[in-house]
Amino acid sequence: MNTDFMDALEQLEREKGIAKEVLIEAIEAALISGYKRNFNSAQNVRVDVNRHTGVVRVYARKTVVEEPSDPRLEIALDAAEEIDPGLHIGDIVDIEVTPRDFGRIAAQTAKQVVTQRIREAERGLIYSAFVDREHDIVTGVVQRQDSRFYYVDLGKIEAVLPLNEVMPTEKFKHNDRVKAYITKVEKTTKGPQVMLSRTHPGLLKRLFELEVPEIYEGVVELKSVAREAGYRSKIAVFSRNEDVDPVGACVGPRGMRVQTIVNELKGEKIDIVKWSEDPVELVANSLSPSKVVSVDVDEENKVARVVVPDYQLSLAIGKEGQNARLAAKLTGWKIDIKSETQAGGTPSEAPEGEMTDETAFADSDLTVAEEVQE
């Protein structure tokens, strides 16, 4: 090694952020192993790299004793005094044992160490960059697919999107751009690994934060999310400002905000309901677009018994129970839905133009934005 090598270490320090002293210490440690391996030495040795010239020297470290039993580890007092008259029994003396052709081994070892440290530093920088973005949205390009994953290029790293984290309604091709939610960033032996998802409820939450300024600014709070990815979702929102309608803010002018998110989620339907601290009101809102006659709550068992008009029972339950299931996830309450007839009341008739059982399956085809437009 020479001064050019030391200059190169300084340049690496500036460009990669790896301290020169850290690299030199790693090289010295590697050279000790290299010396013992190449010269079959069992000595206790120390390697010193000159910080300015790059000259490498190897020293055998020996303990001063009266009569050495192992010449590789010990030195007699009289021999030690020839090196330094001030030495005493028990002192450690360094004796230079640098082999003639050690420069070649030193250069080769140094190259391996520096390459490894650069790789580790780059992995560390990538990990630091992405660990702070855990639970955030990223946009990448699909590179390839195998039996388990899509591999998505995020620029500095190739992330993995498991096939079971992709919505049933979508399939990606090579070079498709995709927005996904970072569920986990972890260190592995092959470097940092970024796990993505398209089905996580957090994706819906982040998309609303991007599209709705009131949510990003904290005026409107997204309290709860229930999602069956690719089919239907419900979100409950609350406004900290009485003058701001939380549902209207999320829907946007002419439904543009929510429609942008629906398009991103490949047509997934989204119901936006108003959050309430009152469980009766919250459960009633969560069953939207169905009308609710009454809600009776059992606080102890967290069960809500809901009565809906006969003509809207199918709508309240939803296709294959989806509306009721999402409402239960959204509120955290078990919901038991009955019609007025089942509850022992007098059935009410559907007002003109109101959704009935005949149109109940439109439940699977309406978003709040479309209802507002209607």
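Please treat every number below as a calculation from the coordinates, not as lab data. As the structure is a prediction and not an experimental result, all values here were calculated from the model. As a convention, Cβ positions derive from the backbone with ideal geometry for all residues, glycine included, and neighbour counts pool all protein chains shown.
Between GLU96, GLU67, GLU320, the Gaussian network model of the chain with springs among Cα atoms under 10 angstrom shows the greatest mean-square fluctuation at GLU67. Counting charges near ALA60 (Lys, Arg +1; Asp, Glu -1) among other residues having Cβ under 9 Å from its Cβ returns a value of +2.
Summary of the geometry: region 294-348 and region 4-55, compared by the centres of their Cα atoms, lie 73 Å apart.
For SER239, the shell of other residues with beta-carbons less than 10 Å away shows a net charge of -3, using +1 for Lys and Arg and -1 for Asp and Glu. Summing +1 for each Lys or Arg and -1 for each Asp or Glu among the other residues whose beta-carbon sits under 10 angstrom from that of VAL185 gives 0. Each 10 Å bin from zero up to the one holding the largest Cα-Cα distance in region 3-117 carries the following percent of pairs: 13, 38, 27, 16, 5, 0. The HN-Hα couplings worked out from phi for region 14-26 by the Karplus form 6.51 cos²θ - 1.76 cosθ + 1.60 (θ = phi - 60°) are 6, 7, 9, x, 9, 4, 4, 5, 5, 5, 5, 4, 5 Hz, whole numbers, x standing for Gly and Pro. Each Cα pair of region 137-197 feeds into the Kirkwood radius, which the Stokes-Einstein equation turns, at 37 °C and 0.692 mPa s, into a diffusion coefficient of 283 µm²/s. Inter-label distance, ASP243 to GLU186: 4.9 nm, where each label sits 7 Å from its Cα along the C-beta direction. Dividing the radius of gyration of the alpha carbons in region 53-113 by their Kirkwood radius gives 1.13 for Rg/Rh. Helical content of the chain, expressed as a calculated mean residue ellipticity at 222 nm, amounts to -10500 deg cm²/dmol (DSSP H runs of 4 or more residues, -39,500 (n - 2.57) each, divided by residue number, nearest 500).
Of LYS269/LYS291; LYS20/LYS184; LYS36/LYS111, which sit over 30 Å apart, Cα to Cα? Going by Cα-Cα distance, LYS20/LYS184 fall outside the 30 Å limit. The protection proxy used here, the mean number of other Cβ atoms lying within 10 Å of each residue, ranks peptides 121-127, 295-301, 221-227 as follows, highest first: 221-227, 121-127, 295-301. Semi-axes of the equivalent ellipsoid for the chain, computed as √(5λ) from the eigenvalues of its C-alpha gyration tensor and ordered from largest down, come to 73, 22, 18 Å.
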